Amino acid sequence: MKGLGKTLILLSAVAACLSLLIVCDATATSASPALSQQQKLKLGERIYREGILPNGEPLMAFVKGDLPVPGTAFTCISCHLRGGIGSIEGGVYTPPTNGKTLYQPLKKIHKGVEIKYGEDPFRRPAYTDETLAEVLRTGTDPVGKILDDVMPRYLLEDEDAPLLIAYLKSLSSEFSPGVTDTTLHFATIISEDANPADTEAMVSGIEKFITDKNGMANNYRNVRTPRDRMMAKAMSTSKELELRKLTLSRWILKGAPETWRRQLEEYNRREPAFALLGGLVNGDWQPIHQFTEENGIPCIFPNTDFPVISDTDWYTLYISKGFYQEGEAVARFLNSKEELLQDTRIIQIVRASREGRALSAGFEETWKTMSHNPPLTISLAKEEQLSDAMVSKLTAKEEPLIILVWDGPDSGRILTALANGKNKPTMVFASSSYLGKNLMTLPEQVRDFTYLSYPYRLPQDKVIDPMMGKAINFQVGDNRVAQQTYALVLTLNMAVMEIKGNYYRDHFLDAIGMSMDRVVPLYERLSFGPGQRYASKGCYIVQLAGGENPQLVKRSDWVTH
Amino acid sequence: MKLPFTRILIVVAMLACAAAPLRAENKPYKRTVESYSLPDVTLINQDGKKVRLQSIMQSDKLVVVDFIFGTCTTICPILSVGYSNLQRKLGPDTNKVHLISISIDPEHDTPKIMKEYLKRYQAKPGWDFLTGSRSDINKVMYALNAYIPNKMSHYPLTLFRPAGNNKWIRIFGLMNSTEFLEETKKAGLK
């Protein structure tokens, strides 16, 4: 064993020497044109986030000793996350990698908490540019300690290492706007014409959370003995909040949506918020989404049925995809019924409205990814009715036919006309959200062939705690905005604790991304994950039972693929 | 011509760096032999096709199963790099092994996301990523003594099912590529 140890030490020494050789060699050959600091940071960011080198090639690495990996599959961001503060997942602790932490001596850590006292509380001295490049290449830290072998050893050339290192130095280097020595400031965006009851439900829910949290922090501050204080600190991982009061302001938007951006920029200039909580506007969320994306401000669970659908945008976390998700659910449901689709015509009737467009987009885009031909679309103008001639044409033949009715509360009229046609369609789909309160009064004669997208937990279903297997009673109220605000508060409560005093906006979103799935009354499951931006991913397909107060009968799982 | 010299140095450094971690405490994995019977569930693969899990098990191939999810940060990338390297090391013998990854985030892991994930890990045919309803996936996790109520508290597990056998080899922990290949051979790869 001794011989093996010597050999390995020798190999490591060779590795270290070779790293130096690479440095010397590459220095000699480096002839890249002078880059601005901004350009360097952008290139460093690309290495950190995507594992792509300035020459467009993937950064190569090894994990577990001998597993070669392209950096694109094993980027820095994979484990250290976008904010660079690290993570704990699956029992693996990933330490911070922002320059502010790397260029300071690191205290010993026990279960993620710094050990501040004792003879030698330091795990390693501060990195220098040289020792940092060394540890990235060989996994050997400045005191010769070898990092866990799940940390890739990156094959960084001399001209690339400084780019990554410069980026790490800039990463989470100063607290984000909205943070002062005494406050952590949030805001909520409300348009002046938003529904007053919904506004009250949302604002009161958020304000109650803030009051409670500040009350807890106040209690910690006012404990009488050092022992009580120690106990209070030990009981809370949010002890950093002891130093900062949470505050909330309302950013009220007035006038036309075209003018919102200017108003938002002004609010942001006057009183920058660390993050935006909830939000309620009478109109599209898109202008606000764009504002948060371009200014890098997290926005958590705005109350909108019309979110921006994007695989890559970062700053807004929606509770669901809204109407789009219902169209998506219908496409997935139909796709799972292979036997139904044989020689079946699919037609969608789309009302010219935001709801109609979002529902049909959700269906069409999902349907396309499943390699189906697009459905035939019949567009209805705002007040237009489906003509008798069109109903006759649709129902003339005895053939398998599926019709999607993306229409509003008066959908019953179209559904009845189809039921009275010469041949009833095989199935008709509609959105329960777009039907609104008319959902439960759909005529009896249409209920046997009408299937409805329903993006919430069914009213008759109990909330079951997945860990305990028991029903949970929630007292949240019937107002949907109050329910969504409850989900926001649960998520926020966890996030302000988990960031552990690292008040960086990207880290705040990282912390939410790493949080456990949640059970709430309104949705079967809220789930998170790095980069996931729609927390509720399900939607039932249901039918109405008979009678005056019909039950909703499930025809699908919460999520269908 | 300094560039080729740099490249040579990098390759040598790669080999040296690869050896260096052995100096670190090599975390051992735990290997046991278990007896499991799988539920009769139908899952969905990365192409959106329905796959009956028991049909996979009836094949004459060695089957390897792990549990991952598309946005996982730490463990899954290592498990998946292990799969892709095994395929690379096996070369033409890849078709003797059926690698299965089962999603523990089925709400998010759609066929589209799973397909992109496999592409990122340069998966070859013979590696399928399966999703499905949460209840079906829970049944599979229970059957394989791998139940994870919440994806953020998952753990590294690789299960080998030798062809025509109801015994499973259960590996708890992370393997490097040499260990993975050895275990694959021990599990009956000829």
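Readers should treat all values here as calculations from the given coordinates under stated rules, not as data from a laboratory. This is a predicted model, so every value here is computed, not measured. FYI the Cβ positions are ideal-geometry reconstructions off the backbone, even for glycines, and counts take in every protein chain you see.
Below, the figures for the structure above:
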read-out: Calculated diffusion of chain A, Stokes-Einstein form, Kirkwood radius summed over Cα pairs, 20 °C and 1.002 mPa s, µm²/s; value: 79 µm²/s
read-out: Other-chain or far-sequence residues with amide H under 5 Å of B:His98's (modelled H); value: B:Leu62, B:Val63, B:Val64
read-out: Stretch gain in nm, segment A:Thr259-A:Val143, where the contour uses 0.36 nm per residue and the Cα spacing is subtracted; value: 36.0 nm
read-out: Phi-based couplings in Hz for segment A:254-261 (Karplus 6.51, -1.76, 1.60; Gly and Pro marked x); value: 10, x, 6, x, 4, 9, 4, 4
read-out: Residue-by-residue Karplus 3J(HN,Hα) for segment B:132-143, coefficients 6.51, -1.76, 1.60, Hz, glycine and proline x; value: x, 6, 4, 5, 5, 5, 4, 4, 5, 4, 4, 4
read-out: From phi via Karplus (6.51, -1.76, 1.60), per-residue ³J(HN,Hα) for segment A:481-496 in Hz, x at Gly/Pro; value: 5, 4, 5, 5, 5, 4, 4, 4, 5, 4, 5, 5, 4, 5, 5, 5
read-out: Volume of the Cα convex hull of segment A:318-435, divided per residue and given in Å³; value: 96 Å³
read-out: Debye intensity ratio I(q)/I(0), log10, segment B:58-163, q values 0.19 Å⁻¹ (C-alpha model); value: -0.96
read-out: Amide hydrogen neighbours beyond the local backbone of A:Gln104, cut-off 5 Å, H modeled; value: A:Tyr127
read-out: Under 5 Å, built H, 5+ apart or other chain: amide partners of B:Ile44; value: B:Val51, B:Thr131, B:Gly132
read-out: Mean ellipticity per residue at 222 nm, deg cm²/dmol - from DSSP H runs of n ≥ 4 across chain B, formula -39500 (n - 2.57); value: -11000 deg cm²/dmol
read-out: Local net charge near A:Asp311, Cβ-Cβ under 11 Å (Lys/Arg +1, Asp/Glu -1); value: 0
read-out: FRET efficiency for A:Asn373 and B:Thr32, using Cβ-Cβ distance with R0 set to 56 Å, rounded to 0.05; value: 0.65
read-out: Rounded Å value of the spacing that divides the Cα centres of segment A:142-167 and segment B:85-157; value: 30 Å
read-out: Förster radius 41 Å - calculated FRET efficiency between A:Thr72 and B:Asp60 (Cβ-Cβ, nearest 0.05); value: 0.75
read-out: Under 28 Å from A:Lys422, Cα to Cα: lysines that are on another chain or at least 8 residues apart; value: A:Lys337, A:Lys382, A:Lys393, A:Lys397
read-out: Extension gain (nm, one decimal) between A:Arg229 and A:Asp181, 0.36 nm per residue minus Cα-Cα; value: 15.2 nm
read-out: Gyration tensor (Cα) of segment A:444-502, equivalent ellipsoid semi-axes in angstrom; value: 33, 16, 12
read-out: A:Gln38/A:Asn473 FRET efficiency (R0 41 Å; Cβ-Cβ; nearest 0.05); value: 0.15
read-out: Cα-projected label distance for A:Ser204 with A:Arg354, points at 7 Å along beta-carbon direction, nm; value: 2.5 nm
read-out: Environment charge of B:Lys112, counting only residues whose C-beta is closer than 12 Å and scoring Lys/Arg +1, Asp/Glu -1; value: -2
read-out: Directionally averaged projected area (convex hull, Cα atoms, chain B), nm²; value: 12.2 nm²
read-out: Shape of segment A:158-220, Cα gyration tensor, a/c cut at 1.5; value: oblate
